[in-house]
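Novice: Have a look at this one.
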Amino acid sequence: MNFEFSDEARAVQAEARRFFGERCPRPLVRHAVEGEQAAAAPLWRELGTLGYLAAGIDAEHGGQGLGLPERCLICEEAGRALAPLPLVAHWTAVTAIARHGSAAQRARWLPPLADGSIIATCTLAPAGAGPGVDSPCRLEHDLVTGTRQPVEAGAGAGLVVLQAHAPDGLCLVLVELAQAAVERTVVPMIDPSRPHARLTFRGARAERLGAAGAGAALADGLRDHAAILTGFCQLGGADAALAMARDYALERYAFGRVIGGYQAIKHKLVDVYVRNEIARGHCYYGAWSLATDAPETPAAAAGARLAATRAFSFAAQENVQVHGGLGFTWEADCHLYYRRARLLALVDAPLDAWRERLVDAMATPAPDAALAQVA
Amino acid sequence: MDFNDTPAEAAFRAEVRRWLAANAPPADALGYDAAALPAARAWQARKAAAGYAAITWPVALGGRGGRTIEEVIYRQEESRYGFPGSHFAIGLGICLPTLMSYATPEQVARHVRPALYGEEIWCQLFSEPAAGSDVAGIRTRAQRDGEDWVVNGQKCWTSGAEYADFGLLLARTDAGVPKHRGLTVFFVDMKSPGIRVRPIRQSDGGSEFSEVFFTDLHIPDCQRLGGVGEGWKVVLTTLMHERNLVGGNKMWPTPAEVLDMTSRLTLDRAPASRDLRVRARIADWEVDHRGLVYLYYRALTSLGRGQAPGPEQALHKLVSCSQGQEIACFLMDLMGPAGAMAPAALGSAWASVEKTWWWSSAQRIAGGTDEILKNIIAERVLGLPADVRVDKDVPFSELAEIQRRTA
């Protein structure tokens, strides 16, 4: 039994934690929430320069020795720091190209994505439920038409991976965003530190990714990948929100002693801790499934997505509660977590779809059913 | 990352598997009541002779000198046979390790082998009617009388008291000092005059625990474990042994089993297992269930590296007992009014649901209540302050007065 990351991966995580701690302190996140989105640009460039963005990319295309486990742990640290960066969207597009692109597409796109000189994004969520939010994308003669929103980093990215209906079925396509037939409009979000845009395609040039008609299956796999990375971002955020609540509970006095001494607060924070640890188990299992390309990945992704969403949502909400009235002010940082937790809860398929995916997989036992029995 | 045994662990597992296949009795031959004792003793003796009864104990004491991970592997393999809880777990897991720390070598030598071979059974005499979570608040008194101690008082929730041969007893030897400082631990022959055992009738109608009454029970001073007034230190040692027991028996239906059960219940004229509301509930339980399995893998990883596991055990208890309560009520709810009917009317397949309903409520209390476990995690893991203790520096004999004033 070795359910632990390698020492090397842990060392990368420790470095990443230092990096985000120094370069992405909460005041920077606050600036981003207040609309100064340029604050994030140097951070992205440095991530590229340091080789972090190349994690999970092979050496031939700009990789520098970091793999998918490191990609997961960098997400955990980015999440802990609330980094205002489109890491998951970027890496999901990277994975789409690495897995499903032609040799020419990989050679053309992966190196600039590995060093961050181009930001990629993707939009794989089912069409939004609200009226007029989305119109399905259609592909005809390699030209794509339709509207998707909200697309993370849609205004700043150079490239998007999306699903489109072609005459031969649903397919994945790659669209360069810097072209006249793509209109990009920034849309306001509940977490402005993670800018999103509406993308309107009016016969924009597009390249297919992967086999014709395989779009839905390929998108499923990419959503699993994204769910696990998002889970790590949520795990880091949940840990940070718990740490913030705990620290405050140790310095705030009420009724003659620190509030962290009262069981109402102690037990609440343990409830947060329990959810965070359950999420940690799921995320690590997700990392294992990604790194080994395991057949259990759909269930692992669903578990990570559900557990980490619950953990971060609960941690962010109870962090506000522990702070009392201060927690509802702009001045306190609680709302940074509260915003991010809600945003990340909504980034892909609805949670009930993930529940369904998990129940579907329940016929497939965990790695060793006998171990599960005695746990 | 991988979920495989190391070569040494795999070899041990294979050896255990072979041995169990050749030696394990059929599960229905064993039981957890007094009637099942002869079969349980025979099985225990066979395990002890093969070196599997106390894998981590030193060879000199009849153990195997093995690692904790080997103990865990043995339990995993034995758990495949679906045996009920063991009559010997408290003795071998808690009492004998405490003896090894505090008794004379002669006493250890006298007691280890019979316990190991299932010839003598031990029980733990800590909890009292007025001291459960606050176990340092016990009232059973032990007074010095020459070479003996004379004990008067009452214990409760004692597992196996009706058939135990020896007990580990926590008593108050000095009521004039604050509660933690006036305690002393003894071991006692349960067949001594002055001990009366009475079964407790539980809320579910069963009787699996006892009350134990002491009336002028004489214990020789040589059966004292640790110094006079140092009983709390001994208790902490025993609790540490208790926490080293990683893993446990499966107590409730797993979410996968619940899904299967709902396929035989009807909701809106279709199998309930196809209903999205039902599936959503099951999915959320599965998230917790799998999460606990993964944390168990983390604990095993630590054990395999010779490190102490974290608070996984407390976490497991907190999450799984509440889940048992939810699952039982959910299945009963799905039945409608018929869910209120007893297994005698609904058939034996329903017995596990009713049992889960009762025992999940018991397990949220036994071995550390949810509230005490949360305090422990809050203080030891999150570093939050201990509760205010109004009884901390007050002589035990004056506590009643304090309680009157603060009521």
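Read-outs: derived from the displayed coordinates by stated rules, not from any lab. It should be emphasised that the depicted structure is a prediction, and the values quoted were computed from it without experimental measurement. Glycine also receives a Cβ, built like all others from the backbone with ideal geometry; neighbour counts cover every protein chain displayed.
Novice: Dipole size in debye (nearest 20) for chain A around its Cα centre, Lys and Arg Cβ +1, Asp and Glu Cβ -1?
Specialist: With only Lys, Arg, Asp and Glu charged at Cβ, the dipole is about 800 debye.
Novice: Would you check the protein assembly as shown for Lys pairs whose C-alpha atoms are within less than 19 Å, ignoring same-chain pairs closer than 8 in sequence, and give me the count?
Specialist: 13
Novice: Ok, one more. Normalised by the residues of segment A:220-331, what does the relative contact order come to in percent, with Cα pairs under 8 Å and at least six apart?
Specialist: 41
Novice: If you don't mind, another one. What is the gain in length, in nm to one decimal, between residue B:236 and residue B:14 on full extension, counting 0.36 nm per residue of separation less the C-alpha to C-alpha distance?
Specialist: Net length gain for the segment: 76.3 nm.
Novice: Taking the Kirkwood radius as the inverse of the mean 1/r across Cα pairs, report the Rg/Rh of segment B:161-246.
Specialist: Over the Cα atoms of segment B:161-246, Rg/Rh equals 1.01.
Novice: Something else now. Quick check on chain A: helices-only [θ] at 222 nm, where DSSP H runs of length 4 and up contribute -39,500 (n - 2.57) each and the sum goes over total residues. Nearest 500, please.
Specialist: After summing the helix terms and dividing by residue count, I get -17500 deg cm²/dmol.
Novice: Working out 0.36 nm times the residue gap between residue B:106 and residue B:207, then minus their Cα-Cα distance, what length gain in nm do you get to one decimal?
Specialist: Between residue B:106 and residue B:207, full extension yields 32.7 nm more.
Novice: May I ask you to evaluate 6.51 cos²θ - 1.76 cosθ + 1.60, the Karplus curve with θ = phi - 60°, for each residue of segment B:77-87 and list the ³J(HN,Hα) values in order in whole Hz, giving x for glycine and proline?
Specialist: Using θ = phi - 60°, the values come out as 5, 5, 5, 5, 8, x, 5, x, x, 8, 5 Hz.
Novice: Let me ask another. Pick out, from A:154, A:164, A:55, the residue whose Cα sits farthest towards the positive end of the charge dipole of chain A, with +1 on the Cβ of Lys and Arg and -1 on the Cβ of Asp and Glu.
Specialist: Of the options given, the answer is A:154.
Novice: Separation between the residue A:64 and residue A:176 pseudo-spin-labels, each 7 Å from Cα along Cα→Cβ, expressed in nm?
Specialist: Distance between label points: 2.7 nm.
Novice: Debye calculation, C-alpha points only, no solvent: report log10 I(q)/I(0) for chain A at q = 0.08, 0.12, 0.15 Å⁻¹, in the same order as the q values.
Specialist: -0.40, -0.90, -1.39
Novice: Quick check for me: using +1 on Lys/Arg Cβ and -1 on Asp/Glu Cβ, what's the dipole size of segment B:184-240 about its Cα centre, in debye to the nearest 20?
Specialist: 40
Novice: Within chain A, what's the longest stretch lacking chymotrypsin sites (Phe, Trp or Tyr not before Pro) that sit in DSSP loops with no more than 14 other Cβ atoms inside 10 Å?
Specialist: The answer is A:1-254.
Novice: Under 5 Å between amide H atoms, partner at least 5 residues away or on a different chain: which partners does residue B:225 have, H built in plane at 1.01 Å?
Specialist: B:185, B:186, B:187
Novice: In a Gaussian network model over chain B where Cα atoms closer than 10 Å are linked, find which of B:179, B:392, B:155 has the largest mean-square fluctuation.
Specialist: Per the Cα network of chain B with a 10 Å cutoff, B:392 tops the list.
Novice: Can you give the extra length, in nm with one decimal, that the chain gains between residue A:99 and residue A:138 once fully stretched, where that is 0.36 nm per residue apart less the Cα-Cα distance?
Specialist: 11.8 nm
Novice: Indicate, rounded to the nearest 5 percent, the antiparallel portion of the DSSP beta bridges found entirely in chain A.
Specialist: The antiparallel proportion sits near 85 percent.
Novice: Taking the Cα-to-Cβ direction at residue B:329 and at residue B:147 and moving 7 Å from each Cα, how far apart do the two end points lie in nm?
Specialist: The modelled label-to-label distance comes out at 5.9 nm.
Novice: Just B:54, B:164, B:256 to compare: in a GNM of chain B, with alpha carbon springs under 10 Å, which one fluctuates most?
Specialist: Greatest mean-square fluctuation among the candidates belongs to B:256.
Novice: Can you compute 3J(HN,Hα) from phi for each residue in segment B:205-218, using the Karplus curve 6.51 cos²θ - 1.76 cosθ + 1.60 with θ = phi - 60°, rounded to whole Hz and x for Gly and Pro?
Specialist: Karplus values, whole Hz, x for Gly and Pro: x, x, 9, 10, 9, 10, 9, 10, 10, 10, 10, 6, 6, 9.
Novice: Which semi-axis lengths, in whole Å and largest first, follow from the square roots of five times the eigenvalues of the Cα gyration tensor of chain B?
Specialist: Semi-axis lengths for chain B are 37, 28, 22 Å.
Novice: Residues with amide H under 5 Å of residue B:266's amide H, sequence separation 5 or more or different chain, H placed in the peptide plane at 1.01 Å from N; which?
Specialist: B:272
Novice: Oh, and also: Whole-Hz ³J(HN,Hα) for each residue in segment B:95-108, computed from phi via Karplus 6.51 cos²θ - 1.76 cosθ + 1.60 with θ = phi - 60°, x for glycine and proline: what do you get?
Specialist: 6, 5, x, 5, 4, 4, 7, 10, 8, 6, x, 5, 5, 4
Novice: Of A:24, B:213, B:109, whose Cα points farthest to the positive end of the dipole of the protein assembly as shown (charges on the beta-carbon: +1 Lys, Arg; -1 Asp, Glu; origin at the Cα centre)?
Specialist: Of the listed residues, the answer is A:24.
Novice: Kirkwood hydrodynamic radius (Cα pairs, Å) of segment A:217-295?
Specialist: Every distinct Cα pair counted, the radius reaches 14.5 Å.
Novice: Here's another thing I want to ask about it. Rounded to a whole number of µm²/s, how large is the Stokes-Einstein D of segment A:137-177 at 10 °C and 1.306 mPa s, given Rh as the Kirkwood radius over C-alpha pairs?
Specialist: 148
Novice: Here's another thing I want to ask about it. Within segment B:110-152, find all residues whose amide N lies under 14 Å from a label point positioned 7 Å from the Cα of residue B:386 along Cα-to-beta-carbon.
Specialist: The answer is B:134-137.
Novice: Once both axes come from the Cα atoms, what is the angle between helix A:351-360 and the longest principal axis of chain A, in degrees from 0 to 90, rounded to 10?
Specialist: Taking Cα atoms only, the helix is inclined about 80 degrees.
Novice: How many nm separate the modelled label positions at residue B:402 and residue B:42, each set 7 Å beyond the Cα in the direction of the Cβ?
Specialist: 5.4
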